[in-house]
Each structure stands twice: as structure tokens, then as C-alpha cells.
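The structure under discussion appears below in the form of C-alpha cells.
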Amino acid sequence: MNLQPFVAMLVGFALLGTPVTWPQIGGSVLIIFGVMVATELLPKRGAQFFAKPSKEEKISS
């Protein structure tokens, strides 16, 4: 997962007191949304395309 920039921003804020800017907050929202889409929505949607065919669907030769 690509949460490394988000975690680095949070650690920098918590440990070093680095200010968090609006572009960083916007980027964090995009990162979290992208990870959610990649891990939750795509496998469900793609499962029908990558499922193994059943015995009835196999072509006999």
C-alpha cells in the first residue's frame, strides 16, 4: 500500500511539530481514497473477470 507519505506526514507532525498544509491534507485524502479503491472496490469488481470457469463452461475437445 502507498500510505508511506501519509504516515511520514503524521509522524513529522507528531514528533517534530512540522506544520501540515492544505495541499498535504488534500493529498492525504487522495492517498487514502486511492488505497480504499485499490483494496476494496477493484477486487470485488474484477472477481467476475478472473474467476475460474465452471465445469459447464469449459469447452470439451
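The values are calculated or read from the model by the stated rules, or taken from the named source; none is laboratory data. This structure is a prediction, so every number in the text was calculated from the model and none was measured. Backbone-built Cβ (ideal geometry, glycine too); neighbour counts: all protein chains shown. Ligands, DNA and RNA are stripped out before the accessible areas are found, and what is left, the full protein with its side chains, is counted by its heavy atoms. Shrake-Rupley method; radii C 1.70, N 1.55, O 1.52, S 1.80 Å.
From (1) at pLDDT below 80; (2) open to solvent by less than 70 Å² (accessible area, probe 1.4 Å); (3) touching a helix residue (DSSP H, G or I) at 6+ places or on another chain (Cβ under 8 Å), pick out the condition that doesn't hold for Met1.
Met1 satisfies every listed condition except (2).
Return the residues of segment 16-30 that are part of a helix (DSSP H, G or I) and surrounded by 12 or more Cβ atoms within 10 Å (Cβ to Cβ); say none if nothing qualifies.
Hits for segment 16-30 are Gln24, Gly27, Ser28.
Picking from Phe13, Phe33, Phe6, which residue would you name as being open to solvent by less than 60 Å² (accessible area, probe 1.4 Å), modelled with pLDDT of 80 or more and of a type in the set (Phe, Trp, Tyr)?
On inspection, the qualifying residue turns out to be Phe6.
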